[in-house]
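*Asks:* Take this structure first; my questions come after.
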Amino acid sequence: MTVDKQLMMKELPETERPREKMLAKGAKALSNAELLAILLRTGTKNMPVNRLAEQLLVKYELSGLGSISPQELSQTAGIGLVKAVTVVAAIELGCRLSRKEPAERPVIRNPRDAADLMMPELRYQTKEHFVALLLSTKNHVIARAIISVGSLNASIVHPRELFREAISYSAASVVLVHNHPSGDPTPSREDIALTKQLVEAGTVLNISVLDHVIIGDGKYVSFKEKGII
């Protein structure tokens, strides 16, 4: 079957397009079939890609797709070898991620842990970088999200940007980190006001802001240690 006879993703109604849904709502908002449809890209003349993805999951289940070979998967109608290789590769990446031991991830037990983690990356930056360390329930770092990059001495952070990242990664809590290009980590009035705003927003969303660490040149200030939060 040639590509021009296949039902492309863009031919689906906009509300049914998994790519657009992911961009608007994030990957976690998609079903397994929708995620699989993104990998498949196209359906067949008589079967839209969403339906093809659903049939694959019925036939193999998600766990089954992780143990099937590309050659075997490509025997399914509408699944060529290129699609099969893409699906198997993506699922293998997911399996490897799930097997990664939490102990391999950094753990934030105290302000020094956060400072040591981010000092090499931030101490020499010439602009303010505002980073959120997104933590699991056991304080393992799930991800490091750059929330904003500012001018020489100021960054602009909106609560929605911070907590959109936290919700996307299902973070239990966050530690805020940003640098002062001057090398002096002393908090400004703006830093303190922003931190209190983010703490309040986190309380509403049940995502705790555990600390805000400001990185200077070889030194840091912790809002938690200073009693600011």
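The values are calculated or read from the model by the stated rules, or taken from the named source; none is laboratory data. Being a predicted model, the structure only gives us computed values, none of them experimental. Every residue, glycine as well, gets a Cβ built from its backbone with ideal geometry; the counts of neighbours run over all protein chains shown. We work out accessible area using only protein heavy atoms, side chains counted, and drop any ligands, DNA or RNA first. Shrake-Rupley method; radii C 1.70, N 1.55, O 1.52, S 1.80 Å.
*Asks:* Note down the accessible area of Arg96, probe 1.4 Å, to the nearest 10 Å².
*Replies:* 150 Å²
*Asks:* Please give, to one decimal in nm, the separation of the simple spin-label points placed at Thr126 and Ala29, each 7 Å out from Cα toward the Cβ.
*Replies:* 3.8 nm
*Asks:* Related question: Considering the chain as a Gaussian network with a 10 Å cut-off on Cα pairs, which listed residue, Arg17, Arg189, Arg41, attains the greatest mean-square fluctuation?
*Replies:* Looking only at Arg17, Arg189, Arg41, the largest GNM fluctuation is found for Arg189.
*Asks:* Quick one: what Rg and Dmax do you get for the chain from the alpha carbons, in Å?
*Replies:* So, for the chain, Rg and Dmax equal 22.5, 67 Å respectively.
*Asks:* Okay, next question. With all protein chains present, calculate the accessible area of Ser168 using a 1.4 Å probe and round the result to the nearest 10 Å².
*Replies:* Using a 1.4 Å probe on the heavy atoms, I get roughly 50 Å².
*Asks:* I've got another one for you. On C-alpha positions alone, give me the angle between the axis of helix 81-99 and the longest principal axis of the chain, in degrees, nearest 10.
*Replies:* Helix 81-99 sits at roughly 40 degrees to that axis.
*Asks:* Add -39500 (n - 2.57) for each DSSP H run of 4 or more in the chain, then divide by its residues: what number comes out at 222 nm, to the nearest 500 deg cm²/dmol?
*Replies:* Result for the chain: -13500 deg cm²/dmol, rounded to the nearest 500.
*Asks:* If you don't mind, there's one more thing I want to ask. For the chain, which whole-number percentage of the solvent-accessible area (1.4 Å probe, protein heavy atoms only) is attributable to carbon and sulfur atoms?
*Replies:* 53 percent
*Asks:* Say each of Lys224 and Ile192 gets a label point 7 Å from the Cα, pointing the same way as Cα to Cβ; how far apart are those two points in nm?
*Replies:* About 2.0 nm separates the two model spin labels.
*Asks:* Looking at region 121-229, I'd like the Rg to Rh ratio, where Rg is from alpha-carbon atoms and Rh is Kirkwood's inverse mean 1/r.
*Replies:* 0.94
*Asks:* Per the Cauchy relation, a quarter of the hull surface: what is the mean projected area of the convex hull of the alpha carbons in region 104-143, in nm²?
*Replies:* 3.0 nm²
*Asks:* Could I ask something else about it? Can you work out the FRET efficiency for the pair Gln71 and Arg19, with r the C-beta to C-beta distance and R0 = 35 Å, to the nearest 0.05?
*Replies:* Efficiency at R0 = 35 Å is approximately 0.80.
*Asks:* Send over a whole-number figure in Å² for the accessible area per residue of the chain, probe 1.4 Å.
*Replies:* I get 58 Å² per residue for this part.
*Asks:* Sort Tyr124, Tyr169 from largest to smallest accessible area, using a 1.4 Å probe on the heavy atoms of the protein chains.
*Replies:* Result of the area sort, largest leading: Tyr124, Tyr169.
*Asks:* Cα-based Rg of region 46-88 per 2.2 N^0.38 Å, rounded to two decimals?
*Replies:* Region 46-88 yields a ratio of 1.04.
*Asks:* Please report how far the C-alpha centroid of region 162-229 lies from that of region 15-55, rounded to the nearest whole angstrom.
*Replies:* 37 Å
*Asks:* If you take the beta carbon distance between Lys59 and Asn206 as r and set R0 to 45 Å, what does 1/(1 + (r/R0)^6) give as a FRET efficiency, to the nearest 0.05?
*Replies:* In this case the efficiency is close to 0.70.
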